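Data block below; observations after.
Throughout, read-outs are computed from the coordinates displayed, never taken from laboratory work. These numbers come from a predicted model, not from an experiment. Using ideal geometry, Cβ is built from the backbone for each residue, glycine included, and neighbour counts are taken over all protein chains shown.
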Amino acid sequence: MPVNDRLERLADNPFARLRALLDGAPPSANGEHILMSLGEPQHEPPAMVARLIAESAHLWNRYPPMAGTPAYRAACARWLTRRFNLPASLITEQHVLSLSGTKEGLFLVANLAVPEEKRGKRPVALLPNPYYLVYNGAAQMAGAEIVYLDATRATGFLPDLAAIPESLLARSALMYLCTPANPQGAIADMAYLKRAVELARAFDFVLAVDECYCEIYDGAAPPGALEACAALGGDLSQVLVFHSLSKRSSAAGMRCGFVAGDPKLIALFQHLRGYGGAQVPLPIQEAATALWNDEAHVEANRALYRRKFDVAERVLGRRFGFYRPPGGFFLWLDVGDGESAAQRLWREAAVRTLPGGYIARQNGSGDNPGERYIRVALVHDDAVVEEGLTRMLKVL
């Protein structure tokens, strides 16, 4: 049966690999299983969510506008302006498009950005290494040649922009960045973001910045790519940012986010989503509008994650290269062999973690920058986090 042969390139789903690695070997350890492999928020969503969805039940029989309601888009624009200290007129609802979670948008942006060829050659998509699987899947299905940019301790856990050859930049159609980074928690500073924007404009590619962890931080609030655009004079060209309520509001099940930035790209994005995008139901948008307008629940959520890192710091100390990440909710622990450690932790401690090599690829030297690591999601309450880390410590 003929199918799209690019599907054969989608063989890197880390959770499918993890199931294959662990599911045939049930834990011998006593105690409940602790799932620390998946970045799924476990905090209760704000009470207003259920109330507002129920109050909007009369809207379930209506098709939502593909772009999102004007009220939703305006709330997103106001939030961006407040959060990133943008000039009042820089972002309006015309610069914003609703998404069914950022996953949808991060996948579709490759179809938007990658042409048949660039400068007579196959276009390139630049990905951080380690990476979120959607970046890779999107670029593969769009037909891009993927180049993985190592993000290691030596580079501050972000891709080294200065090390990208100009010949490669000239063929680039799309660059994905994630800040705070998944899994390392590194935050791109303003100078870094401005340089990324400048490269996108100099070499005519789309810069897609995944900022979905930007509201979970330990110290100072992370800057954003639109903030960099404002600092460079207010031009939004070539730049798109992606935001979600999943982490910010512990509302992953709402599947509600947005993309914002270059109005020309937003218009094309809306056109593309008209063919294959998922509309966000109107009752969901009603609740989401209220969430983007409220900061109190975000501050409370952030405080809970800080407490988890307090627990991790106390339990782990300086073992396994522990550092307190400035953003996000993952630990990126150097255990020597991530796959072997994940097997042992599951079998001997009933703790499920993700081998770092499963979310990274071999570089030109044949090294996988994630191979030594495990990713540990600190999403449970303090007691479960402490129990999981204590079990890990005993095994490793």
### Query
Assigning unit charges at the beta carbon (Lys, Arg +1; Asp, Glu -1) and nothing else, what dipole magnitude in debye, to the nearest 20, does the range 256-332 show about its Cα centre?
540
### Task
Quote the convex hull volume per residue of the range 169-276, based on C-alpha atoms, as a whole number of Å³.
119
## Note on the structure
Projecting the Cα atoms of Gln94, Ala300, Phe15 onto the charge dipole of the chain, where Lys and Arg contribute +1 and Asp and Glu -1 at Cβ, the residue farthest towards the positive end is Phe15
### Task
Sorted from largest down, give the three principal axis spans of the alpha carbons of the range 261-341, whole angstrom values.
50, 34, 23
#### Entry: Footprinting exposure proxy for Thr102, Thr390, Thr155 (fewest neighbouring C-beta atoms within 10 Å first)
Thr390, Thr155, Thr102
#### Entry: Rounded Å value of the spacing that divides the Cα centres of the range 246-260 and the range 50-127
11
### Query
Taking 0.36 nm per residue of separation and subtracting the Cα-Cα distance, what length does fully extending Asn13 through Lys394 add?
134.2 nm
#### Entry: Karplus 3J(HN,Hα) series, Hz, for the range 261-278 with 6.51 cos²θ - 1.76 cosθ + 1.60 (x for Gly, Pro)
x, 3, x, 5, 5, 4, 4, 5, 4, 4, 4, 5, 5, x, 9, x, x, 9
## Note on the structure
Out of Pro355, Val376, Ser340 - ranked by how far each Cα lies towards the positive end of the dipole of the range 287-396, with unit charges on the beta-carbon of charged residues - the top one is Ser340
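May I ask you to derive the FRET efficiency for Lys264 and Asp160 from their Cβ-Cβ distance with R0 = 22 Å, giving the value to the nearest 0.05? Could the numbers behind the result be given before it?
On the way: r = 30 Å, r/R0 = 1.34.
Step by step, r from the Cβ atoms, then E = 0.15.
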### Query
For the range 284-291, what does the Karplus curve 6.51 cos²θ - 1.76 cosθ + 1.60, with θ = phi - 60°, yield as ³J(HN,Hα) per residue in whole Hz, taken in order and with x for Gly and Pro?
5, 5, 4, 5, 5, 4, 5, 5
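What size of dipole, in debye to the nearest 20, comes out for the range 61-293 about its Cα centre when the only charges are +1 on Lys and Arg C-beta atoms and -1 on Asp and Glu C-beta atoms? Spell out each step's value before the answer.
Values: 20 positive and 19 negative charges, 77 e Å.
Its charge dipole is roughly 380 debye.
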### Message
What three numbers, in Å, describe the spread of the alpha carbons of the range 1-135 along their principal axes, ordered from the longest?
### Response
56, 54, 39
### Message
Looking at the calculated P(r) for the chain, what percent of the C-alpha pair distances fall above 28 Å?
### Response
47
### Task
For the range 286-396, state the semi-axes of the equivalent ellipsoid (square roots of 5 times the eigenvalues of the alpha-carbon gyration tensor), sorted largest first and rounded to whole angstrom.
28, 19, 13
### Query
Label points 7 Å out from Cα along the Cβ direction at Ala303 and Ala231: separation in nm?
3.0
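In Å³ and rounded to a whole number, note down the convex hull volume per residue for the Cα atoms of the range 61-293.
On the way: hull volume 26.6 nm³, N = 233.
Convex hull of Cα atoms, per residue: 114 Å³.
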